[in-house]
Amino acid sequence: MPSSTKMPSFTKVVLYTGEDGRARFRDEVLDLPEGTPQAALSKVLPASGYQLRHSPVGFRSQWHCTPAPQWVFILSGEMEIGLQDGSTRLFRPGQHFYSADTLPPGASFDPKVHGHWSAQRGKDALATLFVKT
C-alpha cells in the first residue's frame with residue numbers, strides 16, 4: 001500500500017480484567033494488512049472451536065467471569081453487559097466483543113469485585129456465537 005494510504009482497521013472491543021480484579025472495556029485497533037483494497041483482511045487469528053447460545057427474552061446471568069478468552073458475536077437480539085462500576089454496554093446484531101474477563105490467578109471469585117453480568121434486551125430472543133481462542 002502506498003505510504004499515503006491509511007491501512008484499513010477493525011475495532012476489537014475487549015472486556016478484560018484490570019489489575020484490581022474488576023472488569024473493564026477497552027477498544028483495540030487490529031490492522032487489516034492482507035487481502036485487497038476492496039476486501040481487506042486481518043491475519044488469521046487462532047480459534048479452537050465455537051459454541052452457539054440461545055437466551056430467551058428476560059434472560060440475565062449472575063455475576064461471573066469468562067472461563068477462557070473468547071470472541072462473542074451477536075447474531076440476533078440485543079445483549080447488555082454490566083460491570084461492577086455500574087456501567088453497561090449494549091451490543092446489537094452484527095456487533096461483537098472479545099471477552100477476556102477471567103478470574104485473576106490465585107483469586108477466589110467474589111461477586112462484589114469480580115466479573116460481569118450479561119442480559120438479553122429488547123423484544124427478541126438473543127442468539128450469540130462464541131468463538132473459543
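The values are calculated or read from the model by the stated rules, or taken from the named source; none is laboratory data. For clarity, every value in this text was computed on a predicted model and none was experimentally measured. All Cβ positions, glycine included, derive from the backbone under ideal geometry; neighbour counts span all protein chains shown. These accessible areas exclude ligands, DNA and RNA; they are computed on the full protein's heavy atoms, side chains included. Shrake-Rupley method; radii C 1.70, N 1.55, O 1.52, S 1.80 Å.
Data table
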| quantity | calculated |
| --- | --- |
| HIS96 within 28 Å of LYS6 (Cα to Cα), open to solvent by less than 40 Å² (accessible area, probe 1.4 Å) and either touching a strand residue (DSSP E or B) at 6+ places or on another chain (Cβ under 7 Å) or not basic (Lys, Arg) (or both) | yes |
| Search result, residues across region 54-82 that are open to solvent by 60 Å² or more (accessible area, probe 1.4 Å) and within 19 Å of LYS12 (Cα to Cα) | PHE73, LEU75 |
| Residue identified as touching a Ser or Thr at 6+ places or on another chain (Cβ under 6 Å) and either under 18 Å from ASP27 (Cβ atoms) or outside any loop (DSSP other than H, G, I, E, B) (or both) among ALA119, ALA127 | ALA127 |
| Within region 96-116, tally of residues that are among the charged types (D, E, K, R) and under 20 Å from the mean Cα position of the chain (by Cα) | 1 |
| Selection within region 114-128 - in contact with a Phe, Trp or Tyr (Cβ under 9 Å, 6 or more places away or on another chain) and either of a type in the set (Val, Ile, Thr) or exposed (fewer than 13 other Cβ atoms within 10 Å of the Cβ) (or both) | THR128 |
| Options ASP31, ASP110, ASP85, ASP27: the member that is open to solvent by 70 Å² or more (accessible area, probe 1.4 Å) and more than 30 Å from LYS6 (Cα to Cα) | ASP85 |
| Every pair of residues 6+ apart whose Cβ atoms lie under 8 Å, when the first sits in region 47-76 and is under 23 Å from LYS112 (Cα atoms) and free of Cβ contacts under 8 Å to residues at least 24 places away in the same chain while the second is among the aromatic types (Phe, Trp, Tyr) and surrounded by fewer than 14 Cβ atoms within 10 Å (Cβ to Cβ) | none |
| Wholly within region 47-93, strands (runs of 3 or more DSSP E) carrying at least 1 residues that are modelled with pLDDT of 95 or more and hydroxyl-bearing (Ser, Thr, Tyr) | 49-55, 70-76, 88-91 |
